[in-house]
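*Asks:* Attaching a single structure in structure tokens format; questions to follow.
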Amino acid sequence: PQIRFALEEVEGSVQDAYAQRFKALIEERSEGRIKVNVYPYGALGSSAQLTEQVQNGALQFAFASPGHLGSVVPEVQVFSLHFLFSDDEQVNQQIFTGSGELKRLLGEAYRERNLELLSIVQEGWMVWTGDRPLRSPSDFEGFKIRTMPSPLLVEAYQAYGANPTPMPYSEVYGALQLNMIDGQVNPIFAIEEMSFYEVQEVLTFANHLPFVSTLVANPDFLAGLSESDRELVESVRAELDEEIFELQQRFNRERLETIREESDIQVVRLVEEEREVFRDAAMPVRDSYIKSAGERGAVILKAVTAARNRLEQ
Ligand code: 6CS
């Protein structure tokens, strides 16, 4: 069997590290019977196009970030809700990877759209970059921020008073450089490797949302594997959950150092009272989530809240 595995991120990214480890472990443990080819961002198309290619079987594996998937699988926009998840990455890791409800419910929603959800992969806190500090919604007044296209991300920034502007990842650097947008939002490792920090003045940490991607596979491909190959894929996938969680923490820590060495960018960390104002402003988006994701969305929201409360104790 052959696995064509496409990424939404460039070489050196968290997704690339994931895919390289996946390839090494699968090829080694299958003694070369399963071959994995990795395609970094840019080789095969935009995030939306990669998802279509997994759905129609042209690709066997890909990353599909909820920020790009919201109009295909509305339920996945739970990962677009600001301040819903814990402030503690470890707690979120347990919510995402445990045998919990979240993955099971989302898995159903994915399957209905001919996608097999394999893993929920945390890649670090979303950080706002801009030409100014973003300490309160008044700072967002008239601020043109590039977001991923999921409708509820757009709605959250509208609630803060900003002008959200979705565009493909590959166009963000140029748009910042030409001042077509004032800022964007992504984890630190991405801000470093995409060079966004070169054309921005300030990094604002609100820890409002962990960046999450999902590993998806073509369901017919998985069903066509022998039982032992399917078990191999499953065991490697499970093993990588923990390994990549630690790796992303290291990437984000080290690359913040790199950014600080290579630029004089200002770093702002919001205090609790400042975060509170954003949290209040973002609350109505949860109603929109239930409207778009329906009954199952309501159950997902409850399950996340319950898991968070339980794990934070
Ligand atoms: O902002 C984006 O569109 C992208 N950001 C990251 C960190 N990964 C994939 C996603 O497409």
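*Asks:* If you count the DSSP beta bridges with both ends in the chain, what percent of them are antiparallel, to the nearest 5? Can you show the working numbers first?
*Replies:* Working: 19 of 34 bridges.
Antiparallel bridges make up about 55 percent of those DSSP assigns within the chain.
*Asks:* Under the Karplus relation 6.51 cos²θ - 1.76 cosθ + 1.60, θ = phi - 60°, what is the ordered set of whole-Hz ³J(HN,Hα) values for region 224-239, x standing for Gly and Pro?
*Replies:* x, 6, 5, 4, 5, 5, 5, 5, 5, 4, 5, 6, 5, 4, 5, 5
*Asks:* Next question, about the same structure. Counting only residues 5 or more places away or on other chains, whose amide H sits under 5 Å from the amide H of residue 3 once H atoms are built in the peptide plane?
*Replies:* Those qualifying (amide H under 5 Å, at least 5 residues apart or on another chain) are 35, 36, 37.
*Asks:* Determine ³J(HN,Hα), in whole Hz, for all residues of region 78-94 in sequence, where each value follows from phi through the Karplus function 6.51 cos²θ - 1.76 cosθ + 1.60 and θ = phi - 60°; x replaces Gly and Pro.
*Replies:* Each residue of region 78-94 in turn: 4, 7, 9, 8, 5, 6, 7, 7, 6, 6, 9, 4, 5, 4, 4, 4, 5 Hz.
*Asks:* Find how many whole Å separate the alpha carbon centroid of region 243-308 from the alpha carbon centroid of region 138-166.
*Replies:* First find each Cα centre; the distance between them is then 15 Å.
*Asks:* If you take the beta carbon distance between residue 291 and residue 44 as r and set R0 to 41 Å, what does 1/(1 + (r/R0)^6) give as a FRET efficiency, to the nearest 0.05?
*Replies:* 0.75
*Asks:* Mind counting lysine pairs for me in the chain? Cα separation below 27 Å, and the two need to be 8 or more apart along the chain or on different chains.
*Replies:* On the way: 23/35; 23/103; 103/291; 103/302; 144/291; 291/302.
Close lysine pairs under the 27 Å cut-off: 6.
*Asks:* Of all DSSP beta bridges in region 82-239, what percent run antiparallel (nearest 5)? Before the final figure, lay out the partial values.
*Replies:* Values: 15 of 19 bridges.
So the antiparallel bridges in region 82-239 amount to around 80 percent.
*Asks:* Ok, one more. How large is ³J(HN,Hα) for each residue in region 260-271, as worked out from phi by the Karplus curve 6.51 cos²θ - 1.76 cosθ + 1.60 (θ = phi - 60°), to whole Hz, x for Gly and Pro?
*Replies:* Ordered by residue, 3J(HN,Hα) equals 5, 6, 9, 8, 10, 4, 8, 10, 10, 10, 5, 8 Hz.
*Asks:* Can you pull the one-decimal nm distance between simple spin-label points at residue 272 and residue 138, each 7 Å off the Cα toward Cβ?
*Replies:* Each label point is offset 7 Å from its Cα along the Cβ direction, giving 2.4 nm.
*Asks:* Assuming R0 = 30 Å, can you tell me the calculated FRET efficiency for the pair residue 27 and residue 283, based on Cβ-Cβ distance, to the nearest 0.05?
*Replies:* Details: r = 47 Å, r/R0 = 1.57.
Rounded to the nearest 0.05, the efficiency is 0.05.
*Asks:* Additional query: Would you mind computing, in nm to one decimal, how far apart the modelled labels at residue 179 and residue 305 are, each placed 7 Å from Cα along Cα→Cβ?
*Replies:* Going by the 7 Å Cα→Cβ label model, 4.4 nm.
*Asks:* Taking the Cβ of residue 18 as the center, what net charge do the other residues with Cβ under 11 Å away carry, scoring Lys and Arg +1 and Asp and Glu -1? Please report the intermediate quantities before stating the final value.
*Replies:* Values: positive: 21, 23, 237; negative: 9, 16, 123, 241, 243.
Value of the local net charge: -2.
*Asks:* Give the peptides 125-132, 36-43 in descending order of average Cβ contacts within 10 Å, highest first. Present the calculation step by step, with values, prior to reporting the outcome.
*Replies:* Numbers: 125-132: 21.9, 36-43: 17.1.
The packing order, highest mean first, is 125-132, 36-43.
*Asks:* If the chain between residue 262 and residue 91 were fully stretched, how many nm would it gain, using 0.36 nm times the residue separation less the Cα-Cα distance?
*Replies:* Numbers: separation 171, 0.36 × 171 = 61.56 nm, distance 3.26 nm.
Gain on extension, residue 262 to residue 91, equals 58.3 nm.
*Asks:* Using a 7 Å offset from the Cα along the Cα-to-Cβ direction at both residue 254 and residue 226, what is the distance between the two label points in nm, to one decimal?
*Replies:* Taking the two extended label points, one gets 3.8 nm.
*Asks:* A follow-up question, please. Pull up all non-local amide H partners of residue 268: gap of 5 or more, or a different chain, and H-to-H distance under 5 Å with H placed in the peptide plane.
*Replies:* Under 5 Å from the amide H of residue 268: 203, 204, 205.
*Asks:* Another one. Counting only heavy atoms of the protein chains, get the accessible area per residue of region 48-154 (1.4 Å probe) and round it to a whole Å² value.
*Replies:* Numbers: 3310 Å² over 107 residues.
Computed with neighbouring chains in place, this is 31 Å² per residue.
The values are calculated or read from the model by the stated rules, or taken from the named source; none is laboratory data. What you see is a predicted model, and the numbers here were worked out from it, not measured in a lab. FYI the Cβ positions are ideal-geometry reconstructions off the backbone, even for glycines, and counts take in every protein chain you see. To get the accessible areas, we keep the full protein, side chains included, count just its heavy atoms, and leave off ligands, DNA and RNA. Shrake-Rupley method; radii C 1.70, N 1.55, O 1.52, S 1.80 Å.
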